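In what follows, a single structure is set out as structure tokens and then discussed.
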Amino acid sequence: MKALLAILLSFILTILSFPQEVDNDIQFGFGVSLSSEYSVYNFSSYLEDWNIEALPVDMANFSVIIKGSFFRFEPSVGYFTMSSDYSGGGYTFERSSSNIRLGAVVAFNNDPIESVDFYYGVDFGFIFSRSSYNSSISNESTDKSKTDFFIGPAVGGEYMFNKHFSLGGEINLNYISIGDYDSEGESSGWAVSTRGQIFIRWYVN
């Protein structure tokens with residue numbers, strides 16, 4: 001994984017070190033998006049294997065865009081949280097979880113069709129998760145965290161209303177290597193997810 005990130009970083013630095021005449025074509029921008037991700041998880045232990053289909057996760061995202069004539073680099077951060085609680089019959093419990101998705105897309109631009117710019121590349125990054133649980137019956141209280149790594153192809157496009165404003169969408173198919181929660185024993189897991197998003201972008205130059 002470290003070797004892959006080193007290769008991607010070298011690729012990005014090589015692109016950004018192009019001569020000045022190419023740098024003049026580079027645009028910088030900001031974007032906001034809403035995404036929905038559907039995942040199928042596979043877990044393994046020394047006893048058995050099992051699959052879990054997760055409910056779609058809706059997430060708000062913020063991104064920075066570096067867009068050249070032939071390439072683009074888009075680091076982004078997204079946040080999702082959920083909570084539930086129950087109280088009745090002298091029993092209460094509370095459960096909450098939060099996820100931070102820190103990733104980036106490295107992609108090549110296809111030839112634009114009229115005002116639509118298409119691109120294809122790689123989406124990769126980390127998901128930092130934290131979960132807490134409190135129960136009044138067992139006086140149990142847990143607070144645990146884990147880190148997942150994801151990578152997969154990305155395809156997207158944006159309609160340029162003008163040089164500085166666009167509306168578009170992106171589709172990702174990711175493999176996710178699932179980390180262990182702090183309190184878990186020996187187990188391993190992975191997931192395959194499909195993720196779609198709709199975004200608005202503003203370019204400053």
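Considering only residues of the stretch 34-52 that are touching a Gly at 6+ places or on another chain (Cβ under 8 Å), hydroxyl-bearing (Ser, Thr, Tyr) and modelled with pLDDT of 75 or more, which is nearest to Ala107 (Cα to Cα)?
Residue satisfying both the conditions and the ranking: Ser35.
Would you confirm, using the coordinates I've provided, whether Pro75 is more than 23 Å from Val192 (Cα to Cα), at pLDDT 80 or above and not aliphatic (A, V, I, L, M)?
No; evaluated as a whole, the condition is false for this residue.
Of all residues in the stretch 173-199, how many are at pLDDT 80 or above and over 17 Å from the mean Cα position of the chain (by Cα)?
Number satisfying all stated conditions: 1.
Run Leu55 past the list (1) surrounded by 11 or more Cβ atoms within 10 Å (Cβ to Cβ); (2) aliphatic (A, V, I, L, M); (3) at pLDDT 65 or above and report the number of the one that doesn't hold.
Status for Leu55: all satisfied but (1).
Only one of (1) at pLDDT 90 or above; (2) at positive phi fails for Asn139. Which number is that?
Asn139 satisfies every listed condition except (1).
Within the set of pairs 6 or more residues apart or between chains, which connect a residue that is closer than 30 Å to Val57 by Cα inside the stretch 101-121 to a residue that is basic (Lys, Arg) with Cβ atoms less than 7 Å apart?
Short answer, once both residue conditions are applied: Ala107/Arg72; Asn109/Arg72; Tyr119/Arg72.
Which numbered condition trips up Phe118, out of (1) surrounded by fewer than 16 Cβ atoms within 10 Å (Cβ to Cβ); (2) modelled with pLDDT of 90 or more?
Failed condition: (1).
May I ask you to verify whether Ser129 is at pLDDT below 95, in a strand (DSSP E or B) and over 21 Å from Asp25 (Cα atoms)?
Against the criterion (at pLDDT below 95, in a strand (DSSP E or B) and over 21 Å from Asp25 (Cα atoms)), Ser129 qualifies.
Could you check, for the stretch 159-169, whether at least one of its residues is farther than 25 Å from Asp25 by Cα, part of a strand (DSSP E or B) and at pLDDT 85 or above?
No; the residues of the stretch 159-169 include none that is farther than 25 Å from Asp25 by Cα, part of a strand (DSSP E or B) and at pLDDT 85 or above.
The values are calculated or read from the model by the stated rules, or taken from the named source; none is laboratory data. Here the structure is a predicted model, which means the values were calculated and not measured. When we count neighbours, we look across all protein chains shown, and the Cβ atoms used for this are built from the backbone with ideal geometry, even at glycine.
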